[in-house]
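Encoded as structure tokens, the structure appears first; notes follow it.
The values are calculated or read from the model by the stated rules, or taken from the named source; none is laboratory data. It should be emphasised that the depicted structure is a prediction, and the values quoted were computed from it without experimental measurement. As a convention, Cβ positions derive from the backbone with ideal geometry for all residues, glycine included, and neighbour counts pool all protein chains shown. Please note that ligands, DNA and RNA were not included when accessible areas were found on the heavy atoms of the full protein model with its side chains. Shrake-Rupley method; radii C 1.70, N 1.55, O 1.52, S 1.80 Å.
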Amino acid sequence: MSAARNKITRVLKAINHEESDRVPIGEFFWTNFVRRCRRELDVADDFDPYRYWDLDMIVINPNMDPWVRGIEVIEDNDKHKLVRTGYGATVERKSTYPMPHYVSFETETYDQMEALDFDDPKDRRRYHESIDDQINSVGDELNLGMPSYVDRVNAYADDFCVFGSVCEIQEQLWRIIGPENVYYKLAEDPGRLKQFVERLGDFLVGIVEGQLEAVGEKLTGMYVWGDIACTNGMLLSPDLWRRIHKPQLKRICDRIHAAGLKVIYHGCGNALPVYEDLIEVGVDCYNTLEAKAGLDVVELKQRFAGRLAFNGNINMRVLETNNRQKIRAEVLRKLGAARGGGYVFQSDHSISSNVDPATYDYIVQLVREHGRYPLDLNATDLGETATP
């Protein structure tokens with residue numbers, strides 16, 4: 001447990017804008033990167049990148065399906081898999097697709113949305129039983145038969161800083177009615193959509209509470225999944241987000257904070273127009289800070305110092321070059337954002353199979369060497385900008 005205590009202290013100090021012994025490291029990994037590691041490193045079949053590189057934090061997702069009914073496999077062959085999930089979504093996985101293709105959704109019309117009867121978000125099965133769910137099981141690979149949420153948390157709690165997670169409105173909504181349909185509904189009748197969103201808020205607060213009841217004492221915080229932006233800006237107007245999404249995000253943050261836990265908001269793209277709103281509702285730290293969306297953690301740290309911590313922004317396009325000179329410049333410059341705390345080191349999305357395992361090992365060693373407090377980063381390292 002001492003290993004976990006040290007990592008928890010490290011992460012909490014960073015989020016609280018304080019320096020500890022060194023800059024903490026978190027990460028997400030694509031399945032094919034893990035497969036490369038098994039092929040290219042001298043490791044066993046149960047290789048775990050978090051343990052192998054002794055990272056500081058890990059995020060564990062509960063079952064957030066509206067209906068706790070597992071994953072129904074409709075078709076299954078070497079090139080094609082078709083499943084139906086507890087979101088009422090029919091999803092196709094192809095060996096040639098990097099991500100799943102959403103074929104159809106059971107809930108599409110306003111009448112269907114208003115008739116939707118959620119299973120209890122605090123149903124013990126979500127947390128204590130091994131029941132396949134969409135977010136954990138249907139991603140860049142079809143992963144069936146995972147251990148329960150409680151078992152997964154317990155497996156890491158003695159050695160890592162563990163965060164639970166919950167979707168924000170946008171992430172939960174599109175999984176229920178389809179991504180394009182979200183914007184049709186916003187245009188058709190935003191007031192009617194807001195009523196459904198309020199019900200979603202009830203459900204998501206319940207998901208937070210279910211995790212707290214199951215393993216609350218083993219969590220340091222929760223990630224809130226909330227992709228509300230793309231590379232060029234918001235997916236919906238900031239005003240519309242404030243009117244429909246923001247009140248429910250505040251409810252989620254309030255419930256997490258009431259348990260004494262931290263909130264890290266995960267948002268791809270450039271959602272800079274609502275960063276002040278995120279601070280207002282209680283977001284402690286922001287991830288992923290995509291570099292290709294024009295975000296720079298060094299600049300953001302200067303702008304929001306002491307009010308919002310950051311997690312991410314190491315440019316994946318640079319890491320995928322596997323060019324150590326460019327990677328060194330990128331890593332050391334961005335480590336400058338960790339002065340005074342306020343920064344958890346991580347890529348600006350997740351580690352892909354285009355990154356050599358030896359390259360990722362080099363990155364971790366760079367952070368371990370140069371991320372110790374007090375930071376000793378020379379002006380050349382801080383001034384260079386790595387380009388892909």
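When the Kirkwood radius is taken over all Cα pairs of the range 105-220, what Stokes-Einstein diffusion coefficient follows at 10 °C and 1.306 mPa s, in µm²/s?
Value of D from the Cα-based Kirkwood radius: 101 µm²/s.
For the range 303-373, which whole percent of the accessible surface, found with a 1.4 angstrom probe, sits on carbon and sulfur atoms?
Carbon with sulfur: 40 percent of the solvent-accessible area.
Take K250, K262, K7 and sort them by solvent-accessible surface of the protein heavy atoms, 1.4 Å probe, largest at the top.
Putting K250, K262, K7 in descending order of accessible area: K250, K262, K7.
Return the FRET efficiency for the residue pair Y97, N378: r is the Cβ-Cβ distance, R0 is 56 Å, and the value is rounded to the nearest 0.05.
The value I calculate is 0.80.
For C167, what residues show an amide H to amide H distance below 5 Å, using hydrogens built from the backbone and excluding near sequence neighbours?
For C167, whose amide H was placed from the backbone, the distant partners under 5 Å are W225.
Per residue of the range 8-25, in order, report the coupling 6.51 cos²θ - 1.76 cosθ + 1.60 (Karplus, θ = phi - 60°) as ³J(HN,Hα) in whole Hz, putting x for Gly and Pro.
3J(HN,Hα) across the range 8-25, in whole Hz: 4, 4, 4, 5, 5, 4, 4, 5, 8, 6, 10, 8, 10, 7, 7, 6, x, 10.
If L319, L12 are ordered by their accessible area, calculated over protein heavy atoms with a 1.4 Å probe, which sequence runs from highest to lowest?
L12, L319
Under a GNM of the chain (C-alpha, springs under 10 Å), which listed residue has the highest mean-square fluctuation: A337, A358, A214?
A358
Among the listed pairs K13/K218; K246/K334; K292/K334; K122/K218; K218/K246, give every one whose C-alpha distance is greater than 24 Å.
Result: K246/K334; K218/K246 exceed 24 Å.
For K81, go through the lysines and keep the ones whose alpha-carbon is under 20 Å away, minus same-chain ones fewer than eight residues off.
The qualifying lysines are K94.
List the lysines whose Cα lies under 17 Å from the Cα of K185, skipping any in the same chain that are fewer than 8 positions away.
K194
For the chain, what is the accessible area per residue in Å² when the probe is 1.4 Å?
It amounts to 40 Å² per residue over the chain.
How far, in nm, would the chain grow between R69 and F118 when pulled straight, counting 0.36 nm per residue and subtracting the alpha carbon separation?
16.5 nm
Roughly what % of Cα-Cα distances in the range 1-108 sit above 23 Å, to the whole percent?
Percent of Cα pairs beyond 23 Å in the range 1-108: 55.
Could you calculate, for the range 193-265, the ratio of the Cα radius of gyration to the Kirkwood radius, expressed as Rg to Rh?
In the range 193-265, Rg relative to Rh is 1.02.
Please give the solvent-accessible surface of H101 in Å², to the nearest 10, using a probe radius of 1.4 Å with every protein chain present.
Counting only protein heavy atoms, the figure is 80 Å².
Working out 0.36 nm times the residue gap between T31 and D54, then minus their Cα-Cα distance, what length gain in nm do you get to one decimal?
Difference between extended and current length: 6.4 nm.
If the reach is capped at under 16 angstrom between alpha carbons, list the aspartates and glutamates near K79, excluding any in the same chain fewer than eight residues apart.
Result set, ordered by chain and number: E92, D140, E141.
Measure off, as a whole percent, the carbon and sulfur share of the 1.4 Å-probe accessible area of the range 64-223, all protein chains present.
Taking all protein chains in place, the range 64-223 shows 45 percent carbon and sulfur surface.
Considering the dipole of the chain built from charges on the beta carbon (Lys and Arg +1, Asp and Glu -1) around the Cα centre, which of I177, V34, Y97 is farthest to its positive end?
V34
Computed from the coordinates I sent, volume of the Cα convex hull per residue in Å³ equals one of (1) 171; (2) 142; (3) 132. Tell me the label.
Computed from the coordinates, volume of the Cα convex hull per residue in Å³ corresponds to (3).
What number, rounded to the nearest 500 deg cm²/dmol, is the helix-based mean residue ellipticity at 222 nm of the chain, given -39500 (n - 2.57) per DSSP H run of at least four residues and division by all its residues?
-12000 deg cm²/dmol
Would you mind giving the three semi-axes, in whole Å and largest first, of the ellipsoid equivalent to the range 268-383 according to its Cα gyration tensor?
24, 17, 11
Quote to one decimal, in nm, the extra length available between A3 and E213 on full extension: 0.36 nm per residue of separation minus the C-alpha distance between them.
This chain segment gains 73.2 nm when fully extended.
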